[in-house]
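Contents: one structure, followed by commentary.
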Amino acid sequence: MARIVMKFGGTSMAGTERIRRVAQIVKRQAERGDEVAVVVSAMAGETDRLVNFCREANPLYDPAEYDVVVASGEQVTSGLLAITLQAMGCKARSWLGWQLPIHTDNAHAKARIGTIDSEELLASMAGGTIAVIPGFQGLTDDNRITTLGRGGSDTSAVAVAAAVKADRCDIYTDVDGVYTTDPRIVSRARKLKAVTYEEMLELASVGSKVLQTRSVGLAMKEGVRVQVLSSFIDENAPSADTIPGTMIVTDEELENAQVERQLITGIAADKNEAKITLTRVPDRPGAVSHIFAPLAESNINVDMIIQNVGRDKGETDVTFTVPQADLARATDVLQNQREAIGYNRLIPDTKVAKISVVGVGMKSHAGVASTMFTALAERKINIQAISTSEIKVSVLIDEDETELAVRVLHTAYGLDAD
């Protein structure tokens, strides 16, 4: 017998027929004798609908009341799934975020989970009752509902798995695992049997939409074994134990499993980047801090940075990227700091994309960046900016060349399926 946490996203919960299919999958897992907890998202599109209601009511809405509204989407699906499981003869009940409770800080709309009280939950699961838990939500110390930010149900599932010491956390999505790149771009992309936490964290942070970044970081910190697999399987298919997706594991576990290791694990593309160039910034100590300190104070993440030093004129151009959703705020911050920074022009550009190659094999192999730059140069794809980490190289290119770049790099690193 195992203890399994299963998570289903909005696409999987989009309507009563899909909820019934999810219930069949959950029932099969429980029939193996496993203790099962299920974490669910709101129906696809429901959170957007609720967010729009808040904006229509008051564009400057109170984040605490916003959380009350948007948390209701997951409450609906958790109740519906419990009802459906009961109709199938299963023992099931819903546990809302405040009923466990899931304790968070008070950063409404972007709360972070602190602790989860699991004693009553574990007793219920041990008695054979399937627990259905709404994702994305928690409770502050002063008993106010919070939400974790978009994609937060993945984090909820991993946190619940850590709290109940689950043997595995299965994340059911609309894909059947983690691929070497987006199969919609490269038809010969391969599904990976396993990737390390480090690799998945990098892939999630640079554009892979399979898992939310925070959930991967939490899984790595708590040592939760995560599996990504598809909820769109035949009703008569066996349980997840015999239909493996992609396991997210430690580097040591991957080595022990003797899975064939690639130098590069995957290629990710992200079109949600924006480039900002500040021209004729004074070339003096402290000038760059006047740019990035105000952005940091406004919680705007900066990724790639290029500074071109013009020593003859005592001026430099500074180029960097921010999330496209933060471009307007970043522009406003920098315009307010124009006198302190001393730049001449601010040039924004949203027609860019970040392409990243990720793999733990980079730690011990030279030439990964060279292969990337050569492959792109041969197809005359211009690189506008570069950033690196120990297991990642990212470049910024023109948005129109995104798919070509992904295909070229996928082939260059030998990732194409036979």
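Just a few scattered comments:
- Taking every DSSP beta bridge that has both ends in region 87-218, the antiparallel portion is near 65%.
- Normalised by the number of residues in region 85-180, the mean separation of alpha-carbon contacts (under 8 Å, six or more apart) gives a relative contact order of 28 percent.
- Under 5 Å between amide hydrogens, built in the peptide plane, is the criterion, and for M304 it picks out T321 among residues at least 5 positions away or on other chains.
- Distances between placed amide hydrogens fall under 5 Å for A107 paired with R112, all partners being 5 or more residues away or on another chain.
- Whichever aspartates and glutamates have a C-alpha closer than 12 Å to that of K313, once near sequence neighbours (fewer than 8 apart) are set aside: D283
- Converting phi to 3J(HN,Hα) with the Karplus coefficients 6.51, -1.76 and 1.60 and the offset θ = phi - 60°, region 395-412 yields 10, 9, 9, 5, 4, 5, 9, 4, 5, 4, 4, 4, 5, 4, 6, 4, 6, 4 Hz in sequence order, with x at every glycine or proline.
- Computed over protein heavy atoms with a 1.4 angstrom probe, the accessible surface ordering of C169, C90, largest first, is C90, C169.
- Atom-type composition of the exposed protein surface of the chain places 47 percent of the accessible area on carbon and sulfur (1.4 angstrom probe).
- Accessible area (Å², per residue) of the chain, counting only protein heavy atoms and a probe of 1.4 Å: 46
- Remark on V38: its backbone amide H falls under 5 Å from those of M6, A131, V132, I133, a criterion applied only to residues 5 or more positions apart or on other chains, H modelled at 1.01 Å from N.
- Taken about its Cα centre, region 63-155 carries a charge dipole of about 300 debye when Lys and Arg each add +1 at the Cβ and Asp and Glu each add -1 at the Cβ.
- Reachable aspartates and glutamates from K275, criterion Cα separation under 14 angstrom, eight or more residues apart if same chain: D303, D317, D326, D349, D398, E399
- Here the 3J(HN,Hα) profile of region 216-232, calculated from phi with Karplus coefficients 6.51, -1.76 and 1.60 at θ = phi - 60°, is 5, x, 5, 4, 5, 5, 8, x, 7, 7, 10, 10, 9, 8, 8, 8, 8 Hz, Gly and Pro shown as x.
- Largest to smallest in accessible area, the residues D141, D332, D349, D418 fall in the order D418, D141, D332, D349 (1.4 Å probe, all protein chains included).
- Hydrodynamic radius (Kirkwood) for region 349-418, which is based on Cα pairs only, to one decimal in Å: 12.4
- The string of couplings for region 162-178 from the Karplus curve (6.51, -1.76, 1.60, θ = phi - 60°) is 5, 5, 9, 6, 5, 6, 6, 10, 9, 9, 8, 10, 8, 10, 9, x, 9 Hz, one whole number per residue in order, with x for Gly and Pro.
- Under 26 Å of direct C-alpha separation, and excluding same-chain neighbours fewer than eight residues apart, K221 reaches these lysines: K7, K110, K165, K191, K193, K209, K363, K392.
- Ellipsoid equivalent to the chain - semi-axes via the Cα gyration tensor, in Å: 40, 28, 18
The values are calculated or read from the model by the stated rules, or taken from the named source; none is laboratory data. Not measured: the values here are computed from a predicted model. Cβ coordinates were reconstructed from backbone atoms using ideal geometry, including for glycine residues, and neighbour counts include every protein chain displayed. Note: areas computed on protein heavy atoms with side chains; ligands, DNA, RNA excluded. Shrake-Rupley method; radii C 1.70, N 1.55, O 1.52, S 1.80 Å.
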